[in-house]
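This report concerns only the one structure given below.
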Amino acid sequence: MSHNYKHPIPPGIAENALINAGQYTEMYQQSVEQPDIFWGQQGKILDWITPYQTVKNTSFVPGDIRIRWYEGGTLNLAANCIDRHLATHPDKIAILWEGDDASQSQQLTYRQLHEQVCRAANMLTALNVKKGDVVAIYMPMVPEAAIAMLACARIGAVHTVIFGGFSPDAVAGRITDCAAKIVITADEGLRAGRPIPLKKNVDEALKNPTVTSAEKVIVFRRTGTPGEWQDGRDLWWHELMASAGTEHTPVPVNAEDPLFILYTSGSTGKPKGVLHTTGGYLVYAATTFKYVFDYHPEDIYWCTADVGWITGHSYLVYGPLACGATTLIFEGVPNWPTPARMAQVVDKHQVSILYTAPTAIRALMAEGDSAIAGTRRDSLRILGSVGEPINPEAWEWYYRTIGNSHCPIVDTWWQTETGGLMITPLPGATELKAGSATRPFFGVQPALLDNDGITLEGACEGNLVITDSWPGQARTLFGDHARFEQTYFSAFRNCYFSGDGARRDADGDYWITGRVDDVLNVSGHRLGTAEIESALVSHPKIAEAAVVGIPHAIKGQAIYAYVTLNAGEEPTPELYTEVRHWVRKEIGPIATPDVLHWAEMLPKTRSGKIMRRILRKIAAGETSGLGDTSTLADPGVVERLLEEQQTIN
Ligand code: PRX
């Protein structure tokens, strides 16, 4: 089957959809020709305390990178996600929680969520957290993670959610960078029956002498095993919440006041603190949620992403709640205790919109029919995919097996920096192609450029840039606007560079080909090669390291690390294990190299630059097409590396 085969919109979808093909074309045109009018209108999806005066005030001109939306407007995010729904549907379920253990589940109505968030806001205020202060949230997938985020937003505090899989060192780095005053965590998380020692990790992180800002640690009790308790610093969530009042007036903030910082990996240096502000971000999260998932009030919506990633922010918590939806938070993993767990959760809660990642789809596909054993999945209406390119085989399996061939798949391309979905089908408007993210969302103007910055036309492949601002765009990198300009606006003039490559076919549909920079995508997790290399070389026995990605059937990419040891060190099996463990400890399990290749030397140019292009080919087992190796300082090094090429076992 050709990859350009079009799946027509399944029957019954377009008729009932919010946007059909004609409306998409018309609205898209207005959104790019008259962004002020279009987004001025869409801004009404929120309740504003003071109406905005200026819809768009943005510039991508070097030296004057300026991204401001809805200036003059004031609002409160939590009030938009909760309070305003109390008038129309107080008893609708806001958060549906499914525990790791299927016998545990919980429901929170909008009224109950309101009470919890008010208490949490009062709790933080009592601990002297004020507007603009930073709160770190290092939580498992429990409703309290969302409650903590919403409580911060309610008082105008800025949250930084740290993925529960990050190591103490990674937690310490983030807390220090943003000077978080409070850490909210849990004693332990639970995933696939295994405890995750979150509180112990926080204890260790806070022992790091660089961490001086964190005054208190609030601990949610999940398993009852918090480890060491530091009186005066550590406080139980349930005790503070019990004594906090249930009344709270949301604090008005400006549209451009910061909402959160989220750290993400880049091609160089330490993770970057991507900063999102309030008004534009929420307008964008809400409109994309509504149109891309074709949200109807009776939907039960399930996004499997962890709250520690941008998808967890925009499409687990903020987008759905701003629209008054029921959002399902799942604590566990899709294939535990059985490969059919994901399908069982769909049936149990009658999920109608399912948003997950290609890596999960491929892992289930590998299980064959046991991934759907005993389930019907007939409540499903829309499927979504996010995080990495979805290969056509996985797409077809998702479509036929999970979706019973009647649910459109929205393959949504976007990034931490974009705040919300950028290139994606709309269920009622777009014919689908397996593996294509298809068309830009309203207001998004993609272009493909060659390496010299020349705009390519028609069917072509190139660097994916966006030529004008959209409301959900990140405003800066926390504390480093120069790095923001350098990272996203210096490669190509007057546009935002995504770091991805893409192909556009003759119909004008986009196919994302993956990162063109030194960023890896391992099971949908974004990792910088520089970050892993710096963790490796911090090991006392390692002299030098170079990390590349290699294709992997389930994870998308696997981590292949070339490691040169200090003179006199022997590459033993024990050291192999120790080095992998070292990276786990430095960053977290997701960054553990799949393969270590002990390399006597790395291929370098005469000026000392490591030839990554060659390393990528050797790692992938490609012996031909290594290109010109004559510029290498020692051409023989390539031969030796090729002989020692490692495979994943
Ligand atoms: O390479 C693209 C890939 O994930 C990167 C962004 O990662 P992150 O900021 O962690 O956000 C992930 C969730 C939005 C992108 O630069 N990516 C994300 N979605 C897709 C994708 N690649 C292809 N198709 C997608 N649908």
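Each value in this text was obtained by applying a stated rule to the coordinates, not by laboratory testing. Since we're looking at a predicted model, the values are computed, not measured. Note that we place each Cβ from the backbone using ideal geometry, even for glycine, and neighbour counts take in every protein chain shown.
Worth a mention:
- Placed amide H near Trp598: partners under 5 Å, 5+ positions off or other chain: Val563
- Gained length - Glu71 relative to His481, 0.36 nm times residue gap less alpha-carbon distance: 145.6 nm
- Overall dimensions of the stretch 241-296 by Cα: Rg and Dmax, Å: 16.5, 46
- Rounded to whole Å, sorted largest first: equivalent-ellipsoid semi-axes of the stretch 66-160, Cα gyration tensor: 25, 18, 13
- Theoretical gain in end-to-end length, Lys131 to Ala242 [0.36 nm per residue, Cα-Cα removed]: 37.7 nm
- Taking the C-alpha atoms of the stretch 131-248, convex hull volume expressed per residue in Å³: 100 Å³
- Inter-label distance, nm, simple model (7 Å from Cα along the C-beta direction), Thr647/Glu15: 5.3 nm
- Hull shadow area, averaged, the stretch 211-335 [alpha-carbon convex hull, nm²]: 12.2 nm²
- Positive minus negative residues near Ala373 (Lys, Arg vs Asp, Glu; Cβ under 13 Å): 0
- Taking a span of 15 Å or more along the helix axis (Cα atoms) and a mean Kyte-Doolittle hydropathy of at least 1.0 as the rule, the DSSP H helices of the chain that qualify are 143-155.
- Calculated FRET efficiency for the pair Asp628/Arg493, C-beta based, R₀ 22 Å, to 0.05: 0.15
- One compactness figure for the stretch 364-513 is 1.19, namely its Cα radius of gyration divided by 2.2 N^0.38 Å.
- Basic side chains Lys and Arg get +1 at the Cβ, acidic Asp and Glu get -1 at the Cβ, and with that the dipole of the stretch 480-570 about its Cα centre reaches some 160 debye.
- 3J(HN,Hα) couplings calculated from phi for the stretch 406-421 with the Karplus curve 6.51 cos²θ - 1.76 cosθ + 1.60 (θ = phi - 60°) are, in sequence order, 10, 10, x, 9, 9, 8, 9, 8, 5, 8, 3, 6, 8, x, x, 4 Hz; Gly and Pro show x.
- FRET efficiency for Asp91 and Thr249, using Cβ-Cβ distance with R0 set to 22 Å, rounded to 0.05: 0.45
- Net charge of neighbours whose Cβ lies under 9 Å from the Cβ of Leu575, counting Lys and Arg as +1 and Asp and Glu as -1: -3
- Spacing of the modelled spin labels on Ala543 and Ser405, each 7 Å from Cα toward Cβ, amounts to 6.1 nm.
- Anchor Lys130: lysines whose Cα lies under 19 Å away (excluding residues fewer than 8 positions away in-chain): Lys181, Lys216
- Annotation: average projected area of the stretch 542-613 is 5.6 square nanometres, based on the convex hull of Cα atoms across all directions.
- Tail beyond 38 Å, pair distance distribution of the chain (Cα, percent): 32 percent
- Inter-centroid distance (Cα atoms) of the stretch 509-548 relative to the stretch 296-316, Å: 27 Å
- Global geometry of the stretch 501-649, whether rounded, prolate or oblate, following the gyration tensor of its Cα atoms and the 1.5 cut on a/c: oblate
- Amide hydrogen neighbours beyond the local backbone of Gly514, cut-off 5 Å, H modeled: Gly501
- If you wrap the Cα atoms of the stretch 1-105 in a convex hull and average its projected area over all directions, you get 13.8 nm².
- Charged neighbours of Ala14, selected by a Cβ distance under 13 Å, balance to -2 (K, R count +1; D, E count -1).
- Amide H contacts for Ile137 (H built 1.01 Å from N in the peptide plane; partners 5 or more residues away or on another chain; cut-off under 5 Å): Thr160, Val161, Ile162, Ile184.
- Cα gyration tensor shape for the stretch 355-412, rounded if a/c is under 1.5, else prolate or oblate: oblate
- Length gained on full extension, Asp231 to Trp336, computed as 0.36 nm times the residue gap minus the Cα-Cα distance: 34.1 nm.
- Measuring r between the beta carbons of Ser370 and Lys44 and using R0 = 41 Å, the FRET efficiency lands at 0.30.
- Farthest toward the positive end of the dipole of the chain, out of Trp309, Asn208, Ala120, is the Cα of Ala120, where the dipole comes from beta carbon charges about the Cα centre.
- Rounded to the nearest 500, the helix-only mean residue ellipticity at 222 nm of the chain stands at -7500 deg cm²/dmol, with each DSSP H run of n ≥ 4 adding -39,500 (n - 2.57).
- Charging the Cβ of each Asp and Glu at -1 and of each Lys and Arg at +1, and nothing else, the dipole of the chain about its Cα centre rounds to 680 debye.
- When Leu432, Leu124, Leu282 are sorted by how many other C-beta atoms sit within 10 angstrom of their C-beta, beginning with the fewest, the order is Leu432, Leu124, Leu282.
- Take every DSSP beta bridge whose two residues both sit in the chain; close to 60 percent of them are antiparallel.
- Ranked by how many other Cβ atoms sit within 10 Å of their own Cβ, fewest first, the residues Ile614, Ile559 fall in the order Ile614, Ile559.
- Here the residues His539, His597, ranked from fewest to most Cβ neighbours within 10 Å of their Cβ, fall in the order His539, His597.
- Around the Cα centre of the stretch 320-381, unit charges on the Cβ atoms of Lys, Arg, Asp and Glu (plus for the first two, minus for the last two) sum to a dipole of about 100 debye.
- Take the Cα of Gln53, step 7 Å toward its Cβ, do the same at His296, and the gap between the two points is 4.3 nm.
- For the Cα trace of the stretch 296-427, dividing Rg by the Kirkwood Rh returns an Rg/Rh value of 0.93.
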